[in-house]
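Written out below as structure tokens is the structure these notes cover.
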Amino acid sequence: MSGLRLAMPAGALFDGACELLAAAGVARVSEAVFARALMIEDNGTTLIKVRPTDIPVYVEMGAADCGIAGKDVLWESPRECYELVDLRFGSCRMVLAAPEGSPLARGDWSGSLRVATKYPESARRYFAGLSVTAEIIRLHGSIELAAITGMADAVFDITATGTTLRANRLVEVAEAGRSTARLVVNHAALKTKSDAVNALAAALRLAAASHSDEGAA
Amino acid sequence: MPVSGDVRGAPARGRAAGFSDWLPGAAARRRDLVDAFVATFESWGYSLVATPLVEPLDTVAAGVGTRGESRLFRFMDADGTMLALVGERTVSVARVVATQLQRAPLPLRLCYAGPVLRHTALLNGRRREALQAGCELVGAAGVAADAECIALAAEALVRGGVPGVQIDVGHADFIPAVLDSAGLDGESRRAVLDALRGRDLVAVEAALETTEVGEAERRLLLAFPTLRGGRDLLDTAALDLPHARPRAVLDQLARLWDLLEGHRVTGVAHLDLGAVRDWDYYTGPTFEVFSIDSGFPLATGGRYDGLLANFGPELPATGFVLHVDRCFDALERRSAAAPPSPARVAWRAGAQGEALHLASTLRQRGVAAICDLDPLEGEPDDDVAAVVAFSGGDLVSIAWTREQLA
């Protein structure tokens, strides 16, 4: 119906994205459908499933007209797309956490910090904004381990519930941001397919609002 | 054929990372595209100027702003002057106008075509060198000049073969005027502008939530990605706005729209009051041209009355740039037409002179021709001295006897 190509994030946001698209009447898709094909069509919308960090790339380059991306991903790799709707799912926070009893955990920010993260750009901006000298160590997974082994003084990472941090005896020192899933749209698609894009944005906005109300109730 | 190479290898030998070669066929089609653009500019009375690839850093920085300055290729001249490779060419044209052409009668219509360089991060899908062709109309303050540039940009793209051209016309003062008339200042004004600049509607909503803004202005700002339409959009927007300055912008856009109707381009044009552009650089009407075949704007332009004062007297100016490589990508994606290949003149031993003459005659008639460097193999043939083969067209070969060639 819409004629748009929409990029869906694989991983933690995937189920939430499927639910929201169904609730908004945009498309009905599931993990099983994507197991058979990389690109599928439902209800006139073409859907592709890509890694979360690749969503802004596909959208900026116009390979997808729009996409669903976590704000944390948009912080890390700012791209020239429009961010139209807060989809109100996939909530998480970007935090700085340090081992219990460490100087940083006691509030001592002096000296130079070594910080492990999957989000080096966001971390760089965060510490630059605070005028704190930090040596950023880029890792690709199990960030907590960097602090436990002593390779880093602190970790800069997203957390949804804080369970993993607590299990690894890390305490939150500061919150750097709050993230939810967003609808991002290609610059040219917003202009050349504006009716379809605006209809999609309106439908998702409505569905997201009622969805999160249910969640609160 | 398998290609040798492995992940340890250096990038293509001898070529800097982030740059492209243009190979036979593509290079010529790209050149043809630029030629079509420049020919259109010249048919509207714009004179071609050529400016250097290198300018003093201060000069280049005036055109790209402080954010763009960090993305320039910079180096030092022998005397210590900081130089840069041009990141766009409007500023060079402005410099020429303010210096060598300062006595020329106004308005001046100038055009250019050439490469620009940006020190962008690698691996993000953007080329570091891009070909730009553009026009500058200097010394004309009215909307007639803006309309001319918009119509010319659209016509150049159409003549270049770009399909589905669509023009979006905005105004650099509309959003700032709305913010000012809403009484926003200081921190809250900056927050809203930053959010708009980031094209981030979610952040605009957040910034306005904590700010006292009139209802009309709030509605307009929250709708910024959708403030598009035809001439009636202006009346709808004006109804809501009590203040004079944004209304003056709308009046100006109405006059511009009427002129665009005269140019016969309103069929593919929209007014876009929420257009996000560089509000420090542009001072009046702005526009972007899109095609359904590209995710990027293919042409960008607008009025920049503040730039010329960097080099001399203040002069109103408007203009635009066509992003040739983006246009080229859009065209190549669609058309798979094989390039016309040149005719090949082959010859028997002893007839090389006649074959060279035949190739020369073909070229004079406008047919591209290659003459073989070595004779055809096989027994000499008294009947056939030379053969012309066209691989692209219907005619596959013609044979000539020695007598016919003479």
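So what is the accessible area of segment B:32-112 per residue, in Å², with the probe set to 1.4 Å?
Working: 3940 Å² over 81 residues.
Value for segment B:32-112: 49 Å² per residue.
Assign one of three labels to chain A, namely rounded, prolate or oblate, based on the Cα gyration tensor with a ≥ b ≥ c the square roots of its eigenvalues; rounded applies when a/c is under 1.5, prolate when it is not and a/b is larger than b/c, and oblate otherwise. Intermediate values should be presented prior to the final figure.
Values: a/c = 2.36, a/b = 2.07, b/c = 1.14.
Note, shape of chain A comes out prolate.
Heavy atoms only, probe 1.4 Å: what % of the accessible area of chain A goes to carbon and sulfur, would you let me know?
Details: 5150 of 9990 Å².
Heavy-atom surface of chain A belonging to carbon and sulfur, 1.4 Å probe: 52 percent.
Take peptide A:71-81, look around each residue's Cβ out to 10 angstrom, count Cβ atoms belonging to other protein chains, and average those counts.
Details: counts 3, 0, 0, 3, 0, 0, 2, 2, 2, 5, 4.
Other-chain Cβ atoms within 10 Å of each residue's Cβ, averaged: 2.
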When the charge dipole of the protein assembly as shown is computed with +1 on Lys and Arg Cβ and -1 on Asp and Glu Cβ about the Cα centre, the Cα farthest towards its positive end, among A:Ala201, B:Pro285, A:Ala146, belongs to A:Ala146
Quick one: dipole size for the protein assembly as shown, taken about the Cα centre, charges +1 on Lys/Arg Cβ and -1 on Asp/Glu Cβ, in debye to the nearest 20. 620
Within the set A:Ile136, A:Ile148, A:Ile48, GNM on chain A using Cα springs under 10 Å gives the largest fluctuation to A:Ile148
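Quantify how strongly other chains surround peptide A:175-186 by giving the mean number of their Cβ atoms within 10 Å of each of its Cβ atoms.
Values: counts 0, 0, 0, 0, 0, 1, 0, 3, 2, 2, 3, 3.
Partner-chain Cβ atoms within 10 Å, mean over residues of A:175-186: 1.
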Å² per residue, accessible surface of segment A:92-178 at 1.4 Å: 53
Got a sec to turn the phi values of segment B:132-142 into Karplus ³J(HN,Hα) couplings, 6.51 cos²θ - 1.76 cosθ + 1.60 with θ = phi - 60°, whole Hz, x for Gly and Pro? 10, 10, x, 10, 10, 10, 10, x, 10, 9, x
GNM on chain B, Cα springs under 10 Å; top mean-square fluctuation among B:Ala195, B:Ala368, B:Ala275 goes to B:Ala368
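Would you mind putting B:196-209, B:223-236 in packing order, based on average other-beta-carbon counts within 10 Å, highest first? Working shown, then result.
Working: B:196-209: 19.4, B:223-236: 16.4.
Result, highest mean first: B:196-209, B:223-236.
If you take the accessible area of B alone, add that of A alone, and subtract the area of the pair, what total do you get in Å², probe 1.4 Å, to the nearest 100? Each step should come with its number before you reach the end.
Numbers: alone 20860 and 10950 Å², together 29870 Å².
What B and A bury together is about 1900 Å².
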PRE zone check, label point 7 Å out along Cα-to-Cβ of B:Thr99, amide N under 14 Å, scope segment B:299-321, hits B:310-313
Amide H contacts under 5 Å for A:Ala27, placed H, 5+ residues apart: A:Ala22
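Over 49 Å apart: what share of the alpha carbon pairs of the protein assembly as shown falls there, rounded to a whole percent?
Working: 47567 of 193753 pairs.
Cα-Cα pairs of the protein assembly as shown separated by over 49 Å account for 25 percent.
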List the residues of segment B:200-249 for which accessible area in the full set of protein chains is at least 20 Å² lower than for the chain on its own; 1.4 Å probe, protein heavy atoms only. B:Asp200, B:Leu201, B:Val202, B:Glu205, B:Pro225, B:Thr226, B:Arg228
The ³J(HN,Hα) series, computed from each phi in segment B:273-279 with the Karplus coefficients 6.51, -1.76 and 1.60 at θ = phi - 60°, rounded to the nearest Hz and given as x for glycine or proline, is 6, x, 4, 9, 10, 6, 6
Find how many whole Å separate the alpha carbon centroid of segment B:176-215 from the alpha carbon centroid of segment A:61-105. 22
How large is the accessible surface of B:Glu187 in square angstrom, using a 1.4 angstrom probe and rounding to the nearest 10? 120
For segment A:114-204, compute Rg over Rh where Rg is the Cα radius of gyration and Rh is the Kirkwood radius from the inverse mean 1/r over Cα pairs. 1.16
Rounded to the nearest 10 Å², what accessible area does B:Arg127 show when all protein chains are kept and the probe is 1.4 Å? 90
Roughly how crowded by other chains is peptide A:53-61, in terms of the mean Cβ count from those chains within 10 Å of each of its Cβ atoms? 2
Aspartates and glutamates within cross-link reach of A:Lys118: Cα-Cα under 18 Å, excluding same-chain residues under 8 positions apart? A:Asp54, A:Asp72, A:Glu76, A:Glu135, A:Glu144, A:Asp153, A:Asp157, A:Glu172, A:Glu175
Show the residues, 5+ positions off or on another chain, whose built amide H is closer than 5 Å to the amide H of B:Ser341. B:Gly392
Normalised by the number of residues in segment A:92-178, what is the relative contact order in percent for Cα pairs under 8 Å and 6+ residues apart? 50
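How large a share of the accessible area of chain B, in percent, is made up of carbon and sulfur atoms when the probe is 1.4 Å and the other protein chains stay in place? Show your work: numbers first, answer last.
On the way: 10610 of 19890 Å².
Accessible surface attributable to carbon and sulfur in chain B totals 53 percent.
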Using the membrane-span-like helix rule (whole DSSP H runs, Cα extent along the own axis of at least 20 Å, mean Kyte-Doolittle hydropathy at least -0.5), which helices of chain B qualify? B:26-43, B:143-159, B:244-262
Centroid-to-centroid separation of segment B:239-301 and segment A:156-186 [C-alpha atoms, Å]: 41
Pairs of alpha carbons in segment A:80-143 whose separation is greater than 12 Å (percent): 76
What whole number of Å gives the distance from the Cα centroid of segment B:13-60 to the Cα centroid of segment A:1-59? 40
Furthest towards positive pole of dipole, B:Val165, B:Leu83, B:Trp347, structure part chain B, Cβ charges: B:Leu83
Over chain B: Rg over Rh, Cα atoms, Kirkwood Rh: 1.10
Residue by residue, what Karplus-based ³J(HN,Hα) values in Hz, rounded to whole numbers, does segment B:102-115 have, using 6.51, -1.76 and 1.60 with θ = phi - 60° and x for Gly and Pro? 5, 9, 5, x, 9, x, 9, 10, 10, 9, 8, 8, x, x
In segment B:308-376, what trypsin sites (Lys or Arg not before Pro) fall in a loop by DSSP, with at most 12 other Cβ atoms inside 10 Å? B:Arg365
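Charges at C-beta only: +1 for Lys and Arg, -1 for Asp and Glu. How large is the resulting dipole of chain B about its Cα centre, in Debye rounded to 20?
Values: 40 positive and 54 negative charges, 78 e Å.
In debye, rounded to 20, chain B gives about 380.
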Size of the dipole of chain A about the Cα centre, Lys and Arg at +1 and Asp and Glu at -1 on the beta carbon, nothing else charged, in debye to 20? 180
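The values are calculated or read from the model by the stated rules, or taken from the named source; none is laboratory data. Note that the structure is a prediction, hence the values are computed from the model and not measured. Cβ coordinates were reconstructed from backbone atoms using ideal geometry, including for glycine residues, and neighbour counts include every protein chain displayed. Keep in mind that these areas ignore ligands, DNA and RNA; they rest on the heavy atoms of the full protein, side chains included. Shrake-Rupley method; radii C 1.70, N 1.55, O 1.52, S 1.80 Å.
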